[in-house]
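Below: the structure, in structure tokens.
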Amino acid sequence: MTASEAEQIAGVRPILRRVVANAGLLLGGRTVNAVLGLIYMAIAARALGASAMGVLILIQAFAQFLGEVVKFQSWQTVIHYGARPVAENRPAEFQQVLRFSLVLDLGSTLIGVLAGVIGAIVFAGELGWTPAQAPVAALFMLSIAFMVSATPMGLLRLFDRFDVLAWQAGLISLIRVMGSLVALGFGASMEGFLLAWAAGTLGSWLYLAGSAYAEMRKRGLLTGFTWRGPLAAGLPGVWRFAWNTNLAATLDVAFTHVATLIVGALVGPSQAAFWRVGRQVADALAKPAKLLTPALYPELARLRAEDHHHAMWRLARNVGLLAGGVGVVLLAVSALFGPTLLTLVMGQSFAPAAAVMTWQVGAAVIGVFALPLEPMLVSLGKPGAAVRVRLAVSIVFLAALPFLVAQFGIIGAGAGLAASAGALALGMLWFILRENGTRRKAATPAPESAETSKGDV
């Protein structure tokens, strides 16, 4: 180990502490979000029943699916290309990165809303709701405009304002709980609960965007900003980076909203509700560990900007071990108390969701162990590797899903989800190990003499 590598390793511990501290801030907000999320889901489930609740979930899943598909992961672009200009106090270059990411957000917002409105009406029967319910579903698709908040999120992560993100995480569910209570009090139908959920999306977006704007003004980064100017010029590989990170996130949706839609199309809204509720609980249990990921991205970007590659590898490994330990504990909690939790919170009619939830939690825990792998590939400028792995796994998973559901019901879908999570982790690990070997070969100079070699050791 060289002196430089030893110095980098020594600097990993305070960075890891900062990652954990920021994740802790997010955990506070996301814990509130998870608890409140279960509350507004429980209110809607008890008020509407499994069938109407299933339609509500399918409409929301379609909107979230489109929001994720069309949304460029411009927050990653902001961090990847904006970290160095901010560190070196080059506001003009940073504003170009900001302009590029905002154009991506605006364009994807327009496409998402149009696709949602048209799709909700034209494909109503195929998506799980009736033609009579299509107009309200189409109206709900307007909320897609406020699901595209990637740039403000990236800015707040870059500026280390994880406290704002923590508040925002709980705000969306708090508004939905309040709206759901109002809908329940007025005896509202599914349409009233859709309105309450859309209000939560709008309120959280306003808070997030306003906070990011205020933070940039405080730092003087908006002085002289103009919409006119170059977009990609001077940002090498930015379009490829943006497309690859977008594709990786789009494929990730296959493990969430697309699966919900396919289950609903194959076995009906009630089974889709069981699947969605189980996934909600699984995500809530895995959330504490997964919150290390958004805290990890900015730190990896800073280390990359400083060419501290050895510290990047050490940090990713430590985060993986830490998150994996949390994941094992969460799996035990789910296995022991999962069925009781579902019955207590959602009602006896949702008890059948407990079986598939075990598989969903298992898939989430596998993802928790592997969570540093994709941020590492992206930070090294290799998002295409993550895309290739996700594409291969998603194709196999979605192709097998109808067969699994037809033969084994939603339990088959849960088992397929767990297998896919394992394949995804192994694929990304292979690319990480290959990149590590390539970097070490490039960094190792040819030995000049025996004496020189001895001195290096």
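The values are calculated or read from the model by the stated rules, or taken from the named source; none is laboratory data. Quick caveat: nothing in here was measured; it's all calculated off a predicted structure. Note that we place each Cβ from the backbone using ideal geometry, even for glycine, and neighbour counts take in every protein chain shown. In case anyone asks, the SASA skips ligands and DNA or RNA and just uses the protein heavy atoms, side chains included. Shrake-Rupley method; radii C 1.70, N 1.55, O 1.52, S 1.80 Å.
Things to note:
- Some residue of the range 219-233 being under 17 Å from Arg99 (Cα atoms), touching a residue at least 12 places away in the same chain (Cβ under 8 Å) and open to solvent by less than 10 Å² (accessible area, probe 1.4 Å): no
- Tabulated pairs, the range 370-388, first free of Cβ contacts under 8 Å to residues at least 12 places away in the same chain and assigned to a loop (DSSP other than H, G, I, E, B), second among the basic types (Lys, Arg) and buried (at least 22 other Cβ atoms within 10 Å of the Cβ), C-beta under 9 angstrom, 6+ apart or interchain: none
- Cross-chain or 6+ apart pairs with Cβ under 6 Å, the range 67-83 first and within 18 Å of Gly384 (Cα to Cα), then assigned to a loop (DSSP other than H, G, I, E, B): Lys71/Val148; Tyr81/Leu235
- Residues (open to solvent by 50 Å² or more (accessible area, probe 1.4 Å) and either closer than 17 Å to Thr358 by Cα or at pLDDT below 70 (or both)) located in the range 315-331: Val326, Val328, Val329, Leu331
- Residue in the range 99-115 that is part of a loop (DSSP other than H, G, I, E, B) and either surrounded by fewer than 17 Cβ atoms within 10 Å (Cβ to Cβ) or of a type in the set (Val, Ile, Thr) (or both) present: no
- Test result for Gly128, open to solvent by 10 Å² or more (accessible area, probe 1.4 Å) and either assigned by the TED database to the domain that holds Lys71 or not aromatic (Phe, Trp, Tyr) (or both): yes
- Output for the range 218-242, where each listed residue is more than 18 Å from Trp75 (Cα to Cα) and assigned to a helix (DSSP H, G or I): Lys218
- All conditions but one from (1) under 20 Å from the mean Cα position of the chain (by Cα); (2) surrounded by 18 or more Cβ atoms within 10 Å (Cβ to Cβ) apply to Gln95; the one that does not is (1).
- Output for the range 180-202, where each listed residue is in a helix (DSSP H, G or I) and either open to solvent by 20 Å² or more (accessible area, probe 1.4 Å) or not assigned by the TED database to the domain that holds Val86 (or both): Leu181, Val182, Leu184, Gly185, Glu191, Gly192, Leu195, Ala198, Ala199, Leu202
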